[in-house]
Structure formats: C-alpha cells, structure tokens
Amino acid sequence: MTRPLIIAGAGIAGLWTALHAAPRRVILLTGAPLGQGASTAWAQGGVAAALGRDDAPDLHAADTIAAGAGLVDEAAAHILAEAGPGEVEALYALGAPFERSRNGEWALSREAAHSRARVARVKGDQAGAGILAALIAAVRAADHVEIREGWRADALLPASDGGCAGVLARRSDDALAPLEGDVVLATGSLCGLYAVTTTPWTSQGQALAMAAQLGAVIRDPEFVQFHPTAIDIGRDPTPLATEALRGEGAILIDRSGRRFMRAVHPQAELAPRDVVARAVHRQLRTGKGAFLDARAAVGEAFPERFPSVFAACMSAGIDPRVTPIPVAPASHYHMGGIATDLNGCTGVSGLYAVGECAAPGGHGANRLASNSLLDGLVFGRRAAEALRAAPARAVTAEPAEAAPALPGPALQRLRQVMSAEAGVERDGVGLARLIAVIDDLEARYGGAHALVAARLTAVAALARTESRGAHFRQDFPQTDADARSTRMTLEEARACAPRLSAAGAAE
Ligand SMILES: Cc1cc2nc3c(=O)[nH]c(=O)nc-3n(C[C@H](O)[C@H](O)[C@H](O)COP(=O)(O)OP(=O)(O)OC[C@H]3O[C@@H](n4cnc5c(N)ncnc54)[C@H](O)[C@@H]3O)c2cc1C
C-alpha cells in the first residue's frame, strides 16, 4: 500500500494541499480544532491576484519583486502571479464568497505597494473566515482525507535513507504516536514568538524547528514583517486594522492630528509595509502617538465595510466612525521559512513544506500585502501535484524524541525579549542579548520548538549586517549592493552564534 501523506496544519496551505493530493490518502493533523489556531481565519484584506481589467500577472509579479527588496526569487514571483486568478476562481467555485458584481466583475481593494486594485475580498474584511469555512467544508467531505483534530506534529521521524519517515504525533492529552508517511509541514507563522502579534500566539515556528532539527535548510528567517496598524488596545494577540482601510483613504496622524507619513515617503500611507511600520514605531518611541484616522474615508460605512475592525474597536470602547484608532506595529508575517523548491520539496527526502512556514522565495525581504493566502494556494497545489507523482519510498522509521515543553513564564520572557531585541528595529548588542536569553532558557528547558525557531531568527538577524526590507539594523542602516539570501542549518546557527554574539556585544 502507498504510504499515506501526513499533513501537519489546517490553514489555507494545509487544507488546499490536502484537497489536491487525492487520490493519495491524507492524514491531516491539526493541534487546534479545525478553524482555530490558524492565521488564515483572521485574514481580513483578501487574496491578491491580477483579476482587474487594467491588471496583468506580469504587473503583479513586478510589484512582488519590487516589494521584496532584492531577495525575491523571480521564478517564484511569476508562478505566484500567473496562477493567482485561477486559484481565486477555484476558491470561488468551492464556495468562498468573494464579492462580485452581477456581471461577474470582482470587487478589488488596493493595498500598499500594489500598482493596481488587486485584492479580491469577502464581505469587506472577512476574507479569511469565508475562505476557511469553504475549505473546511470541502475537506470534511473529501473521502481521501482523515482529519485528526487535537493531534499535533511534535517531532519528525528520521528515515533510514537520511530523510524523513513520518511524524511523532502528540494528542492534547499528551499521548504520543508515531505515524509513518511522507510529510507536509503547514503549521504557519512564527510571529507568536513576539509579545505583540496579530497571529495566533500559538504560531511559534513549530515547523521551522522540527525541520531544522532534522537537518533542513532554513531560508531568510530574519525577515519578519511587522504590520503597522495593529489596534493598540493591549490584547494578546492584538487585533488588526486592515491595510485596505489605508487603501480606502484612511490616514495616519499623531496625537496633535498631524499627518506624519507624507514627510516619510512619497506614497505616504501606502508606502511599503516596513516603511510605514518603522514610522509608526518611531512615533510611539518618541511619544508622539500614532492613530489611524478613517473618519472621513470610511465614516458611517464602517460597520458594513469593515465589520471585524469595527467590532474590535467597539469592544475597546473606540468608535472608529468618530475617533481615530490607536495603532502600533505587531509581528504579522514570516517571509523566511523552511527552504523549498517551487514544488514544496525541502531537500530532505520525504519532507515537504507549504504556506507561511515554507520559503520557496516569493516574498524576499518584504511580502507584498495579500500575497500570502495566494502563496498557500499556489504552492500548496504544486506540492500536492508533486506528491501525487512522487515515487514510493521504502524506508524504515527511526525513533524520535518528543519536543520539550517551554513553561508559560519562560515563553513569556522569550516573547518579550524577541519584541524588544528582534523587532521593527534591531542592533547587534540587542540581538546578542537575545541569544544569551535563548541559551539560558535552552540550558534549563532543552530545545523547545519556540527556542529553536527564535535562535534561527536571532542568529540570522545578527549575521545580516545591513538593512533590507523588513530587517532594519540601527547599527547597519545601509543596504548592501549585493543582495544575498540567508541559508542556514541549525547546526550552522549554533556554530556561528558565539562568534557573532561576541562581535555584536562588542559594538
Ligand atoms: C490578522 C491577520 C490578517 C491577515 N490578512 C491577510 C490578508 O488579507 N491576505 C493575505 O494574503 N494574508 C493575510 N494574512 C496572512 C495569512 O493569513 C497567513 O500568511 C496565511 O493564512 C498562513 O496560512 P498557513 O496555512 O500557512 O498557516 P495558518 O493559517 O496559520 O495555519 C496553521 C495551522 O497549523 C496548525 N498547527 C500549528 N502547529 C501544529 C503542529 N505542530 N501540528 C499540527 N498542526 C499544527 C494550526 O492549528 C493551524 O491549523 C493575515 C494574517 C493575520 C494574522
């Protein structure tokens, strides 16, 4: 019998891969119940695709490459953009309720750094929930998919051929079970490693850690995107005020009502995300305050046009129709991830990765807004196609050790230090301090997933002595003429950390 396909993660990437893997038998592991614990559910803006009359995939690819600040793999960007319209059509056919007019035209929003209105939306800001509901219904109805809710991947099983033979699965009551098969990792982001995040706080780079522990190469882990307009009401995770609001004309003002982005960038509020995030960060650091003012641009239409944002604001006593929304940058998206080719292969035989935990190269140093749901669709389908055609492997699984847990207070310490030292602005001294904290926690609690993922991020950020895209070094503000991607194994990260830390601490 052909080995099953074990997919870890039930966001857009895991579910789309599962649906397209038929007729292969799929075991779908999702630690949280379906629909929960996934960034996908919270996506607001929608899916970027060249669907407008004035648009074309080449324009979409060009914007993606420009946003990525020299590190986008152009082949990946073109694949993403070319496949975009077809994937949105496919989701619509599955039941995702994208807004369309009677004559079939798509309702498209304009988001930052897009040269066209290009983001297909669902009921204003309900894209993720609408898409995920359609995907869950389809997966529940698919005979080839066995859903195991409450089971998460805890470690990868090494194979006799040096690759991956399956996963060690852990149930919510801590029961462990080895499962043999080809593996697709789709566990999403690592942004929950930060104290201020828009993603589920449980998104802590689990896939990155498991793959790295098996020897996979990690690409560009230092590139973490901070969303400039998380709603600053002291929640964990923090709710988001979608970029589409700025696309509609909402402006960023300080406490005195002054519009501050005009002085920072010619595109003002629609400048690339990293530029806006740094400007908001500096406003807050210097005590001037940062507020998203949608009173004129959206006003009375707020409850209908942006119901999620409206509800989040109102729950904190802020009526965005009449009051500017307090905002702060929050970790939001991981451009880096497990290095893969354009079909999800990690280079470790039997191990694939898709979605936010993977890095086929389409986002470079800065993801173009709303390209990530699309990434899950396009590269999820390609991985499924590759897996359908993959030759059967006859391998034996070796035992794997369960991942140690990081106690709550230790995790909170890590999250605070990640935000302080590996946030919107970094420097060598702070990153060396962060690595020392990770060393200390690892000495006490062992190599928990969160610590492994944090280490890769911190070491790569310390090694990149330039500023590029979302990675801004206060001590190295220049951008090198030569753009190079980081590719690092865990062994390399461990080996070079002491030298880098000593250099960073000495600055
Ligand atoms: C607030 C917010 C708004 C966004 N808006 C947009 C937008 O408008 N457009 C856009 O393109 N992108 C948007 N994004 C980004 C986008 O939502 C994500 O990049 C994308 O949904 C990631 O999909 P994924 O399938 O890779 O991961 P996720 O959707 O995060 O799913 C991960 C899954 O893995 C599971 N899991 C985790 N660990 C394990 C484990 N060890 N074993 C098994 N299962 C595990 C989780 O329970 C979950 O099911 C937004 C993100 C956020 C947070």
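A few points about this structure:
- Sorted from longest to shortest, the spans of the Cα atoms of region 404-506 along the three principal axes equal 42, 25, 24 Å.
- Averaging the sequence gap over all C-alpha pairs within less than 8 Å and six or more residues apart, then dividing by the number of residues, gives region 229-329 a relative contact order of 35 percent.
- Spatial separation of Cα centroids for region 451-507 and region 401-430, in angstrom: 16 Å
- Taking θ as phi - 60° and the Karplus parameters 6.51, -1.76 and 1.60, the scalar couplings of region 288-301 work out to 7, x, 9, 9, 9, 9, 10, 4, 7, 6, 10, x, 5, 7 Hz in sequence order, x denoting glycine and proline.
- Gained length - Thr323 relative to Ala392, 0.36 nm times residue gap less alpha-carbon distance: 18.8 nm
- Unit Cα scatterers, Debye sum, region 229-329: log10 I(q)/I(0) for q = 0.15, 0.16, 0.22 Å⁻¹: -0.53, -0.61, -1.18
- Protection proxy ranking, peptides 290-301, 248-259, 211-222, average beta carbon neighbours within 10 Å, highest first: 211-222, 290-301, 248-259
- Solvent-free Debye scattering, log10 I(q)/I(0), computed from the Cα coordinates of the chain at q = 0.06, 0.08, 0.13 Å⁻¹: -0.25, -0.45, -1.25
- Each of Arg140 and Ala420 was given a label point 7 Å from its Cα along the Cα-to-Cβ line. The distance between the two points is 4.5 nm.
- Translational diffusion of region 54-186, estimated by Stokes-Einstein from the Kirkwood radius over alpha carbon pairs at 20 °C in a medium of 1.002 mPa s, is 117 µm² per second.
- Within-15-Å neighbourhood charge of Glu491 [Cβ basis; K, R +1; D, E -1]: +2
- Relative contact order for the chain: 21 percent, from Cα pairs under 8 Å spaced at least 6 residues apart, divided by residue count.
- Length added when fully stretched, Thr286-Ser101, from 0.36 nm per residue minus Cα-Cα: 62.0 nm
All of the numbers you see were taken from the coordinates with simple rules; none came from a lab. Computed from a prediction, not measured in an experiment: that's the story for all the values here. Note that each Cβ is placed from the backbone with ideal geometry, even for glycine, and that neighbours are counted across all protein chains shown.
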